[in-house]
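**Q** Mind having a look at this structure? Questions to follow.
The values are calculated or read from the model by the stated rules, or taken from the named source; none is laboratory data. Quick caveat, the model's predicted, so the values are computed rather than measured. Cβ sites come from the backbone with ideal geometry, for glycine too, and all protein chains shown count toward neighbours. Just so you know, the surface numbers come from the protein's heavy atoms only, side chains and all, with ligands and any DNA or RNA stripped out. Shrake-Rupley method; radii C 1.70, N 1.55, O 1.52, S 1.80 Å.
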Amino acid sequence: MGNSAPGAQPVDSSDPYARLEQTFPVLSEDMAGRIARFGHRETLADGDHVFHRGERGVDFFLVHTGEIEIIDHGDHGEEGIVHRHCARQFTGELDLFNDRKILVSGRAVGPTEVIRVPRPDFRRLIVAEPDIGEIIMRAFILRRVALMQHQQGAVTLVGPARSADTVRINAFLTRNGYPHRTIDSTADPDAAAFLEGFGLSDADLPVVISEEQILRNPSTHDLADALGVAVAIDQQRLHDLIVVGAGPAGLAAAVYAASEGLDTLIVESTAPGGQAGTSSKIENYLGFPTGISGQALAGRAQVQAQKFGARLAVSRA
Ligand SMILES: Cc1cc2nc3c(=O)[nH]c(=O)nc-3n(C[C@H](O)[C@H](O)[C@H](O)COP(=O)(O)OP(=O)(O)OC[C@H]3O[C@@H](n4cnc5c(N)ncnc54)[C@H](O)[C@@H]3O)c2cc1C
């Protein structure tokens, strides 16, 4: 098992970091061998970067020997270690299924050998090796939940908690599964000093801060673009199907279309899940006898559609 950082200690039993064997599984020799057939071996020196926060379209990496550490970047660029992947552990989280900008960086620790699986081959792997696909999918979902819970790979939202724009931005980040911390400028005694450190004042609020940028009261569209949540729509590409609206109906249509091999694009103005995404618990959805939150339902449906190759363009109408 790889090493989790001190900053990532589990908070309770629902925390993915309390289930390390699922969140950061060590694959069997047999599984590692089957994955190797979809990729190629690469050698890394100590400190070599495998990927950087902010990149898009990053490949899947399985550690053969050595280690890859996953790095979280604070607002001032300070580094935290999310996890260290050892032999037969793999990198990645839900961004492997879409073109969003990735949230963390990865770096070799000591001489390291990896199997790099390029994205198209990764998609083939998931379908062709369902037992491995299931382990990877579960790990990716748990990793995103953990990033959200522990505010890793996160941005900081500062503003008056009751302001309409703070609420709008907070809802956008939450419903799109983007890790973030919130600071209520009207209640947090440290807020003024925090803002001063970035040369900001109350007139700039609400503001979204990350290592890379400061966004003063961004529109939802600008926020999605700046954080890389939005994916570019290729005007030249002819799709088989465009689904407008990623509520339960749109996501279901996308799952069925993409799983039948149709080149599918989903266009969503706000966030996947639609009205259902705002429900705290849905009791009457088929297949969930104990109920499921709208956010979890939307997250699962979104991943399912993307697993089959559907593309989701958020903040586009
Ligand atoms: C708080 C709450 C709790 C609920 N609880 C339950 C429950 O327990 N059980 C139950 O059965 N139902 C429940 N519902 C109802 C259920 O959520 C809806 O029936 C369901 O969401 C409808 O799905 P839909 O995909 O048809 O539309 P919507 O969920 O309305 O989704 C439409 C999507 O399209 C997007 N959109 C609209 N226009 C455009 C455009 N021009 N371009 C791009 N995107 C666009 C919207 O942003 C939205 O995401 C609840 C609803 C709410 C609000």
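**Q** Among the DSSP beta bridges whose two residues both lie in segment 155-227, what percent are antiparallel, rounded to the nearest 5?
**A** Here the share of antiparallel DSSP bridges comes out near 55 percent.
**Q** Moving on. What is the projected area of the convex hull of the Cα atoms of the chain, averaged over all directions, in nm²?
**A** Result: a mean projected hull area of 17.1 nm².
**Q** Which GluC sites (Glu not before Pro) from segment 206-263 combine a DSSP loop assignment with at most 12 other Cβ atoms within 10 Å?
**A** Here the GluC sites (Glu not before Pro) that fit, given the DSSP loop and packing criteria, are Glu260.
**Q** Rg to Rh ratio, segment 241-314, alpha-carbon atoms and Kirkwood radius?
**A** 0.98
**Q** Using Cα-Cα distances under 8 Å and only pairs 6 or more residues apart, what relative contact order does segment 201-255 have, in percent?
**A** Reported relative contact order: 16 percent.
**Q** Please list Val244, Val50 in order of solvent-accessible area, largest first, computed with a 1.4 Å probe with all protein chains present.
**A** Descending accessible area places them as Val244, Val50.
**Q** Share of segment 143-302's accessible area from carbon and sulfur, percent, 1.4 Å?
**A** Within segment 143-302, the accessible surface is 53 percent carbon and sulfur.
**Q** From Cα pairs below 8 angstrom and at least 6 apart in sequence, can you work out the relative contact order of segment 3-118, rounded to a whole percent?
**A** Relative CO of segment 3-118 lands at 38 percent.
**Q** Can you tell me the accessible area per residue over the chain, all protein chains present, probe 1.4 angstrom, in square angstrom?
**A** With all protein chains present, the chain gives 46 Å² per residue.
**Q** Okay, next question. Quick one: how many Å² of Ser14 are accessible to a 1.4 Å probe, rounded to 10?
**A** Solvent-accessible area, nearest 10 Å²: 70 Å².
**Q** In Å and from the alpha-carbon atoms only, list the Rg and Dmax of segment 126-170.
**A** Rg, Dmax (Cα atoms, Å): 16.8, 50.
**Q** Can you give the Rg to Rh ratio of segment 213-259, both from alpha-carbon atoms, with Rh computed by the Kirkwood formula?
**A** So for segment 213-259, dividing Rg by the Kirkwood Rh gives 1.10.
**Q** Defining a contact as two alpha carbons under 8 Å apart and six or more residues distant in sequence, what relative contact order in percent does the chain show?
**A** The normalised contact order for the chain reaches 15 percent.
**Q** Give me the percent of Cα-Cα pairs in segment 155-227 that sit more than 17 Å apart, rounded to a whole number.
**A** 34
**Q** In segment 132-164, what trypsin sites (Lys or Arg not before Pro) fall in a loop by DSSP, with at most 15 other Cβ atoms inside 10 Å?
**A** Arg162
**Q** Taking 2.2 N^0.38 Å as the expected size of a compact globular protein, what ratio does the Cα radius of gyration of segment 186-227 give against it, to two decimals?
**A** In units of the globular-protein estimate, segment 186-227 measures up at 1.21.
**Q** Still on this model: According to the Cα gyration tensor, what semi-axes, each the square root of 5 times an eigenvalue, does the equivalent ellipsoid of segment 88-152 have, listed from largest to smallest in whole Å?
**A** Output for segment 88-152: semi-axes of 19, 17, 12 Å.
**Q** Taking every eigenvalue of the Cα gyration tensor of segment 104-240, multiplying by 5 and rooting it, what semi-axes result, largest first, whole Å?
**A** 35, 20, 15
**Q** For segment 241-314, what is the percent of antiparallel DSSP beta bridges, rounded to the nearest 5?
**A** Given both bridge residues lie in segment 241-314, the antiparallel proportion sits at roughly 10 percent.
**Q** Which value in Å is the Kirkwood Rh of segment 3-118 over different Cα pairs?
**A** One over the average 1/r among Cα pairs gives 14.7 Å for segment 3-118.
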